[in-house]
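See below for the structure under consideration.
The values are calculated or read from the model by the stated rules, or taken from the named source; none is laboratory data. Because the structure is a prediction, the values reported are computed rather than measured. Note: ideal-geometry Cβ built from the backbone for every residue, glycine included; neighbour counts use all protein chains shown.
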Amino acid sequence: MAKAETNGIEIYYEEHGSGEPLLLIMGWGGNAASWRPQLAGLAEHFRVIAFDNRGVGRTSAPEGPYTIPQMAQDATGLMDELDIRRAHIFGISMGGMIAQELAIEQPNRIDKLVLGCTSPGSTQAAGVAQLHGDVASFRDQNGQHDLEWFQEFLLRLWTQDAMTKATAELQDFVLSLIRFPPTSHGLIHQAEAVLSHNTYDRLSQIQHETLVITGDEDPLIHPENSVILAERIPNARLMVFEGLRHAFHLEKPHLANDAILEFLLATRRTTRAARRRKLATPAA
């Protein structure tokens, strides 16, 4: 657990596990601790790096505006500081937007790409009018919201079942926001960055093997956006989790991790199998 100075700010980050690097990029308002339900499972196989985006948690919160390309530069700057040339990337929601920008502008820094409950942005995105309305409402209240607003927001992330049971995963998520609260201006600037995001016409430039995952009942980022991403990214596949909402990866971490690990480890298994076949081949 440390901080790195890059791109004019201090970025808080933490590392778990060992092996090939896997960079986790969190969504709007979340922080490195928000990944807790998934960390142990992913760290069994990878050197996992989680960090706080600018404006939230323990990372600097400069005045805005913020942009998705700027936050992509934050991510590559962190990779540079950690001497990571290439990494697998898993971006969730806003983090998935940052990951798209990384894949397009810094393709040599990425191995495989996982995009969770995210959007290509632009007027072509599904549910774009609602998203603009949500951000406008949040901005008008200057980021000051009461407990009722927070409870309603949680219901857009988690299913009613998880809320009723107050699951350990839900408690971990809420605790991450209580322990390391985002700044009001950081939240607003991040939200405005989300609205300005647009990779729709550039998605064909993403040549990486890509897994697109989402919950089919996500009321925050319309699930149709994942269909758009999977159709427009040449080497993408789509996986949809039934009955789950925006925080599907945290509500059902084992389910999400199984899909992610199967995808990320596939090449490694194929390479090992090929190596074994080569060793078993009699010399001429």
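Values for this structure:
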| read-out | value |
| --- | --- |
| Tally, over the stretch 202-222, of residues that are out of contact with any strand residue (DSSP E or B) (no Cβ under 8 Å at 6 or more places or on another chain) and either among the aliphatic types (A, V, I, L, M) or crowded, with 22+ Cβ neighbours inside 10 Å (or both) | 3 |
| Any helices (runs of 4 or more DSSP H) falling wholly within the stretch 130-233 and containing at least 1 residues that are basic (Lys, Arg) and within 17 Å of Ala247 (Cβ to Cβ) | 147-157, 160-165 |
| Unique residue being modelled with pLDDT of 95 or more, within 20 Å of the chain's Cα centre (by Cα) and farther than 21 Å from Val135 by Cβ when the list is Gln190, Gln160, Gln207 | Gln207 |
| Count - residues of the stretch 39-67 that are assigned to a helix (DSSP H, G or I) and surrounded by 24 or more Cβ atoms within 10 Å (Cβ to Cβ) | 1 |
| Residue check, Gly133 crowded, with 24+ Cβ neighbours inside 10 Å and either touching a Ser or Thr at 6+ places or on another chain (Cβ under 9 Å) or more than 23 Å from Asn257 (Cα to Cα) (or both) | no |
| Which numbered condition Glu10 misses (of (1) over 26 Å from Pro107 (Cβ atoms); (2) assigned to a helix (DSSP H, G or I); (3) not polar (S, T, N, Q)) | (2) |
| Any hit, the stretch 157-176, residues being loosely packed, with under 15 Cβ neighbours inside 10 Å, in contact (Cβ under 8 Å) with a residue 60 or more places away in the chain and within 18 Å of Pro219 (Cβ to Cβ) | no |
| Odd one out for Trp28, checked against (1) touching a strand residue (DSSP E or B) at 6+ places or on another chain (Cβ under 6 Å); (2) assigned to a loop (DSSP other than H, G, I, E, B); (3) under 26 Å from Leu238 (Cβ atoms) | (1) |
| Of all residues making up the stretch 82-119, the number that are within 27 Å of Arg245 (Cα to Cα) and assigned to a helix (DSSP H, G or I) | 10 |
| Exclusive hit being farther than 23 Å from Phe180 by Cα, crowded, with 24+ Cβ neighbours inside 10 Å and touching a residue at least 40 places away in the same chain (Cβ under 8 Å), set Ile98, Ile89, Ile110 | Ile89 |
| First in the stretch 57-74 and under 15 Å from Glu10 (Cβ atoms), second anywhere and surrounded by fewer than 22 Cβ atoms within 10 Å (Cβ to Cβ) and among the polar types (S, T, N, Q), Cβ under 7 Å, 6 or more apart | Ala61/Thr183; Gln73/Asn7; Asp74/Thr6; Asp74/Asn7 |
| Some residue of the stretch 68-81 being assigned to a loop (DSSP other than H, G, I, E, B) and either crowded, with 18+ Cβ neighbours inside 10 Å or basic (Lys, Arg) (or both) | no |
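Each row is one residue, and each column tells you yes or no for (1) under 17 Å from Ala75 (Cα atoms); (2) in contact with a Phe, Trp or Tyr (Cβ under 9 Å, 6 or more places away or on another chain).
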residue: Glu105; (1), (2): yes, no
residue: Ser122; (1), (2): no, yes
residue: Asp134; (1), (2): no, no
residue: Ser137; (1), (2): no, no
residue: Gln151; (1), (2): no, no
